[in-house]
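The values are calculated or read from the model by the stated rules, or taken from the named source; none is laboratory data. Quick caveat, the model's predicted, so the values are computed rather than measured. In this analysis, Cβ positions are derived from the backbone assuming ideal geometry, glycine residues included, and neighbour counts consider all displayed protein chains. Side chains are part of the model used for accessible areas, which takes the heavy atoms of the whole protein and leaves out ligands, DNA and RNA. Shrake-Rupley method; radii C 1.70, N 1.55, O 1.52, S 1.80 Å.
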Amino acid sequence: MPPGSPSQIFTRHDRIFERNRFVYPVISRRSGGLSIGINLNPDKICNFGCIYCQVDRKLPGSTRFVDLEQLRRELEELLQAAVRGDLIRHPLFANVPPGQQRLKDLAFSGDGEPTSHRNFDEVVAACAEIKRLLAPEGVKMVLITNASLLDRPHVVRALEILDRHQGEIWAKLDAGTEAYFRRVNQSRFTLQRIVDNLAQTAQRRPIVIQSLFFRLEGEPPGPAELEAYCDRLQTILAAGGQLKAVQVYTVARPPAEPMVGALRDREVDAIAARVRQCTGIPTVAYYGCEFP
Ligand code: SF4
């Protein structure tokens, strides 16, 4: 596959761009264009251990310390390059179709759980101010989170800042039962705690749920697990939570664990249709890519 071809672009989410340590550009399927990622976990430490995680933890992280001044500089430079149109002319993006070239968002994502950064609210405030000064109208701020810490005071404050700056929360929910959650997400938190956090957060603003389903040792998730998953979504709605959309997707890049495989497109479609039918929430399917 030639470098920069569309399918390779969607499978590459390199966190290191040029000499940056914290800020990197990607073409994001779920954003529908150019996304500027902010990595607050360069140490690659996460409070989940998802078995499909694509962060390569065999190689050590670059640093533990997030230097806010450097992060600001990197974000300003990359945002200015994006606005000038220079960024999209980088060889990495050589074959991006015109419809995917627009800057869509700044995304708190990266090699771990961004909200675990203890000054997350301070970082969000700094990035929001840079976006206000430099980004075109309509560029969003997206928090991609596993929802484990959404109840922490510094995270609640950060979410309120996001609310005032075209923020969106894209929160992970991959399971319906505690047993499957423990197997798939490998976390010290309970699924109940995650669902409670999602409900409380969604009571204050609409959120997006991101759910990754995959083939585990050759088998797709069973009907009972999917029913339990739909019940969890219903629980959030019944608690007054507002769910803007559900993104159903499967692995698009080679995961660390060989027992994990991508679902076929029709399997992803079937899960998305089931979610739509059970909950009435707009549901979008994203398919896997063939692994090189
Ligand atoms: S929450 Fe994200 S970074 Fe953490 S283990 Fe899961 S997929 Fe990887």
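Observations, loosely collected:
- Along the axis of the charge dipole computed for the chain (Cβ charges of +1 for Lys and Arg, -1 for Asp and Glu, origin at the Cα centre), the listed residues ALA285, VAL83, ASN41 are led at the positive end by VAL83.
- Pairs of lysine residues in the chain that meet both criteria, 8 or more places apart or on different chains and Cα atoms under 22 Å apart, total 10.
- From phi via Karplus (6.51, -1.76, 1.60), per-residue ³J(HN,Hα) for the range 159-165 in Hz, x at Gly/Pro: 5, 5, 5, 4, 4, 8, 9
- Between ARG89 and ASP265, the simple label model (points 7 Å from Cα in the Cβ direction) yields a spacing of 3.5 nm.
- Per-residue Karplus couplings for the range 34-45, computed as 6.51 cos²θ - 1.76 cosθ + 1.60 with θ equal to phi - 60°, are listed in order as 6, 10, 9, x, 10, 9, 9, 10, x, 7, 6, 8 Hz, Gly and Pro entered as x.
- Fraction of accessible area attributable to carbon and sulfur, the chain (%, probe 1.4 Å): 51 percent
- For LEU134 and HIS154, a Förster radius of 35 Å and the Cβ-Cβ distance give a FRET efficiency of 0.90, rounded to the nearest 0.05.
- Solvent exposure of the range 175-292, expressed per residue, is 46 Å² of accessible area, with all protein chains present and a 1.4 angstrom probe.
- When only Cα pairs below 8 angstrom with a gap of at least 6 residues are kept, the range 175-292 shows a relative contact order of 29 percent.
- Phi-based couplings in Hz for the range 84-93 (Karplus 6.51, -1.76, 1.60; Gly and Pro marked x): 5, x, 6, 4, 6, 8, 4, x, 4, 10
- For the chain, the longest principal axis of the C-alpha atoms and the axis of helix 120-134 are separated by about 50°.
- Dipole-positive endmost among LEU237, ALA224, LEU198 within the range 137-249 (Cβ charges, Cα centre): LEU198
- Over the chain, relative contact order from alpha-carbon pairs under 8 Å, at least 6 apart, %: 17 percent
- Cα-only Debye scattering, the chain: base-10 log of I(q)/I(0) at q = 0.11, 0.15 Å⁻¹: -0.63, -1.25
- Applying 1/(1 + (r/R0)^6) with R0 = 51 Å to the Cβ-Cβ distance of ALA81 and ALA238 gives a FRET efficiency near 0.65.
- At R0 = 30 Å, FRET efficiency that the Cβ-Cβ distance of ALA125 and GLU217 yields, to 0.05: 0.10
- Highest average packing first - 170-183, 212-225, Cβ atoms within 10 Å: 170-183, 212-225
- Share, in percent, of DSSP beta bridges within the chain that are antiparallel, nearest 5: 25 percent
- Placing unit charges on the Cβ atoms only, positive for Lys and Arg and negative for Asp and Glu, gives the chain a dipole magnitude near 220 debye about its Cα centre.
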